[in-house]
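Visitor: Could you have a look at this structure, given as structure tokens, before my questions?
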Amino acid sequence: MAIKGVEELRAVVDTAVTEVKITDVHTHLYAPCFGDMLLWGVDELLTYHYLVAEVFRWVDMPYQDFWNMSKKEQADLIWKTLFIDNSPYSEACRGVLTVLNKLGLDTGKRDLEAYRQYFAGKTMEEYVDQVFEISGVKEAVMTNDPFDDNERKVWFESYKADPRFEAALRIDPLLNTWDQVWTRLKEWGYNVEEELNPTTLKEIRRFLSEWANRMQAVYMAVSLPPTFEVPENSSRAVIIEECVLPVCRELNIPLAMMIGVKKLINPGLILAGDSVGKGSIDTVEYLCTNYPYNKFMVTMLSRENQHELCVVVRKFRNLMVFGCWWFLNNPSIIDEMTRMRFELLGVSVIPQHSDARVLDQLIYKWAHSRRIIADVLFDKYKDLMETGWKIDKSDIRRDVEKLFGQNFWDFVNKKL
Ligand code: HDL
Ligand code: ZN
């Protein structure tokens, strides 16, 4: 039955976007079997590295003094500085309040101790259930790093699959610091040398294949600097072309490239110390052109890369754009990027991922993005109705299912 007017259209779009169960294609969350690696609760929310960067806009203490404080002391300082002494309207601060509000807590009281009490009575397992219920996320893709000692231990000793958590094989150390990590592969029994000779390349392929299979990884992922280029006379470019892409093709899984991060421009901030730079769209074009049987998921960190990325996505069926990553994950830019993507790519995109590092963030990151994406969708459907096009409720539900998960799974399973 065609939708009659804009009021009904608004209601149908809002209901579809509110009710859709989401596949979150990139997070830093962990299934419960990873134990304390999964961060949750109000003190973790308050000490999220986005808020650490923001608190140092006001606080002049030496960075190390902050890092020497307990998690609670850090959270107290951030709460006072960013929420009490200044209005918390930055996106990261607002997010904390959205979480508390959706949990039924009274943010009007500004009572951090009361919020802490609420979490004190919870187990991690029951809170995972609660957050997935409230956020409407049905599955989250983790970021799984075999070079992380804690993570490796779980995979070998205590991993327990949870259908709400999918794995992604993260290979930054292999690609970005080969000269520092080749000895670790050797320790692990891979017959590698620093020199990328045929045996070493074969053993790197074995390493990738074994870990992707161990994790049942849905994709391989790497974050890359603005200077990232392929082809290039570098270990990174050689390992990508000789090892990563052949293994991804053999396993039929995408390579997710997250391009544009300048690591640690302010080392004192640690995780909060990274910055952004414009990346090379030529490299994305080169890889999609020269590896037509590989699949590439790409997100770029610089706002200045967004339009050219949308254009290049139009050219390659083996390329999928995803998310409004990190410094782009703010309402004004999510709106701009989503409009650009819908106008250039229609339904064939993955508009958002949460990048959540703290479990509770699924609640705010998706509540905020659902509203923006619904607003843009409403405008696009309204434009269609003005041409005389008839839109059914089923059309909208179909499109929304694709945008919030099906496009991802279809791309992961696509055989080129
Ligand atoms: O490399 C990445 O996956 C980034 O998302 C970083 O983890 C970054 O620190 C982050 O959390 N951004 O949201
Ligand atoms: Zn991330």
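Visitor: Averaged per residue, what accessible surface does the stretch 1-52 expose to a 1.4 Å probe, in Å²?
Guide: 37 Å²
Visitor: Given R₀ = 30 Å, what would the calculated FRET efficiency be for Arg57 paired with Ala161, taking r from the Cβ atoms and rounding to 0.05?
Guide: Values: r = 42 Å, r/R0 = 1.40.
After rounding to 0.05, the efficiency reads 0.10.
Visitor: Debye calculation, C-alpha points only, no solvent: report log10 I(q)/I(0) for the stretch 305-416 at q = 0.12, 0.20 Å⁻¹, in the same order as the q values.
Guide: -0.44, -1.19
Visitor: Can you give the percent of C-alpha pairs in the stretch 56-112 whose distance is more than 14 Å?
Guide: So the pairs more than 14 Å apart make up 60 percent of the total in the stretch 56-112.
Visitor: Restricting to the chain, compute how many DSSP beta bridges are antiparallel as a %, nearest 5.
Guide: Around 10 percent antiparallel, to the nearest 5.
Visitor: Taking all protein chains together and a probe of 1.4 Å, list Asp395, Asp24 from the most accessible to the least accessible.
Guide: Asp395, Asp24
Visitor: From the P(r) of the stretch 134-244, can you give the percent of Cα pairs sitting at distances over 16 Å?
Guide: Of all Cα-Cα pairs in the stretch 134-244, 61 percent lie more than 16 Å apart.
Visitor: log10 I(q)/I(0), Debye, Cα-only the stretch 144-192, no solvent, q = 0.29 Å⁻¹?
Guide: Taken in order of the listed q values, log10 I(q)/I(0) reads -1.18.
Visitor: Rolling a 1.4 Å sphere over the protein heavy atoms, what is the accessible area per residue of the stretch 337-416, to the nearest Å²?
Guide: Values: 3220 Å² over 80 residues.
Roughly 40 Å² per residue, with all protein chains present.
Visitor: Now for a different question. Restricting to Cα pairs below 8 Å that are 6+ residues apart, what does the relative contact order work out to for the stretch 255-300? Please round to a whole percent.
Guide: Values: 51 pairs, mean separation 22.5, N = 46.
It comes to 49 percent, rounded to a whole number.
Visitor: Once the Cα gyration tensor of the stretch 6-123 is found, what semi-axes does its equivalent ellipsoid get, as square roots of 5 times the eigenvalues, in whole Å, sorted largest first? Please report the intermediate quantities before stating the final value.
Guide: Details: eigenvalues 175, 73, 48 Å².
Equivalent ellipsoid of the stretch 6-123: 30, 19, 15 Å, largest first.
Visitor: Taking a probe of 1.4 Å, how large is the accessible area per residue of the stretch 153-308, in Å²?
Guide: Result: 43 Å² per residue.
Visitor: Quick check on the chain: what does the Kirkwood estimate of hydrodynamic radius come out to from the alpha carbon pairs, in Å?
Guide: Computed over the chain, the radius equals 22.7 Å.
Visitor: If one computes the Cα centroid of the stretch 108-125 and of the stretch 172-232, what distance in Å separates the two points?
Guide: If we compute the Cα centre of each part, the gap is 42 Å.
Visitor: Could you tell me the largest-minus-smallest coordinate of the C-alpha atoms of the stretch 45-86 on each of the three principal axes, in descending order and whole angstroms?
Guide: Dimensions of the stretch 45-86 along the principal axes of its Cα atoms: 24, 20, 15 Å.
Visitor: Which distance in nm do the two modelled labels at Glu210 and Glu343 give, with both placed 7 Å along the Cα-to-Cβ direction?
Guide: 5.1 nm
Visitor: Turning to a different aspect of this structure: Only Cα pairs within less than 10 Å get springs; with that Gaussian network setup on the chain, which residue of Glu139, Glu241, Glu187 has the largest fluctuation?
Guide: Fluctuation is largest for Glu187.
Visitor: Counting other Cβ atoms within 10 Å of each Cβ, which chymotrypsin sites (Phe, Trp or Tyr not before Pro) in the stretch 1-105 have at most 10 and sit in a DSSP loop?
Guide: Sparse-neighbourhood loop chymotrypsin sites (Phe, Trp or Tyr not before Pro): Tyr89.
Visitor: Let me ask something additional. In the stretch 203-241, whose amide N lies under 15 Å from the spot 7 Å out along Cα-to-Cβ of Lys278? List them in ranges.
Guide: 226-228
Visitor: Calculate the all-directions average of the projected area of the stretch 245-326's alpha-carbon convex hull, and give it in nm².
Guide: It is 5.8 nm².
Visitor: Would you mind telling me the share, in percent, of accessible area of the chain contributed by carbon and sulfur at probe 1.4 angstrom?
Guide: Looking at the chain in its full context, I get 50 percent from C and S.
The values are calculated or read from the model by the stated rules, or taken from the named source; none is laboratory data. Quick caveat: nothing in here was measured; it's all calculated off a predicted structure. So basically every Cβ, Gly included, is an ideal-geometry build from the backbone, and we count neighbours across all protein chains shown. With ligands, DNA and RNA removed, areas are computed over all heavy atoms of the protein, side chains included. Shrake-Rupley method; radii C 1.70, N 1.55, O 1.52, S 1.80 Å.
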